[in-house]
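The values are calculated or read from the model by the stated rules, or taken from the named source; none is laboratory data. Bear in mind that the values here come from a model prediction, so they are computed numbers and not experimental data. Cβ atoms come from the backbone with ideal geometry, glycine included; neighbour counts cover every protein chain shown. Note: accessible area is taken over every heavy atom of the protein model, side chains too, but ligands, DNA and RNA are not part of it. Shrake-Rupley method; radii C 1.70, N 1.55, O 1.52, S 1.80 Å.
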Amino acid sequence: MANLTREEWERIKDIKQLDLQICSFCSKLNILNLGWKAFGKCWCEKEQKEHVLCWELCLKVCLNVLGCELRQKRQKRGKNKQEIAVNQEYYKASCYSCSKELQGAGKHGVVKNRNNPNFWGIKSIYKILCLECVGKKFFNRMVEWQRKKFKEYRRRGYV
């Protein structure tokens, strides 16, 4: 059971679809829409299946007690990238950090590139971010062409 503060509840009450993770071992709930640290995905060589484990205790317990041969699950690189789906209606999305409402990319149910952290070269658990949150948190990590594009989007008045 996850206890939410009032501020967290205000952020997620209007979101139609939550990104939830449940630990395979202790059944703890993790709500990624709140920006909580993501649980790890591990592949067990012994059981030949994937586990989602919280970092605090369960990973150590599974390694030591159960004798699992866990390896961290690695994503394949290449052109098989999944598009980030919007987390509200098909043409709306909300920022995972500040819950600001954003537009999706037409009627296709995907997020605009400028609101996708992967577009800016950012590895983040946040799937959808407004330009203000991108600028506050990740501007220093961007390379030159990304900074130039970011400033252009801000100049045009995109949110």
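Distance cut-off 18 Å, Cα to Cα: go down the list Lys37/Lys137; Lys13/Lys92; Lys16/Lys127 and report the pairs above it. The partial results should precede the final answer.
Details: Lys37/Lys137 16 Å; Lys13/Lys92 15 Å; Lys16/Lys127 15 Å.
Too far apart for the 18 Å limit: no listed pair.
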Q: Quick one: what are the phi-derived ³J(HN,Hα) couplings along the range 129-137, Karplus 6.51/-1.76/1.60 with θ = phi - 60°, whole Hz, x for glycine and proline?
A: 9, 6, 5, 5, 5, 4, x, 5, 8
Q.
Place a point 7 Å from the Cα of Lys92 along the Cα-to-Cβ direction; which residues of the range 1-40 have their backbone N under 11 Å from it?
A. 14-16
Q | the range 13-44 and the range 89-159: distance between their alpha carbon centers, rounded to Å | A | 22
Q: Whenever you get a sec, line up Lys16, Lys49, Lys112 from highest to lowest accessible area (probe 1.4 Å, protein heavy atoms).
A: Lys16, Lys49, Lys112
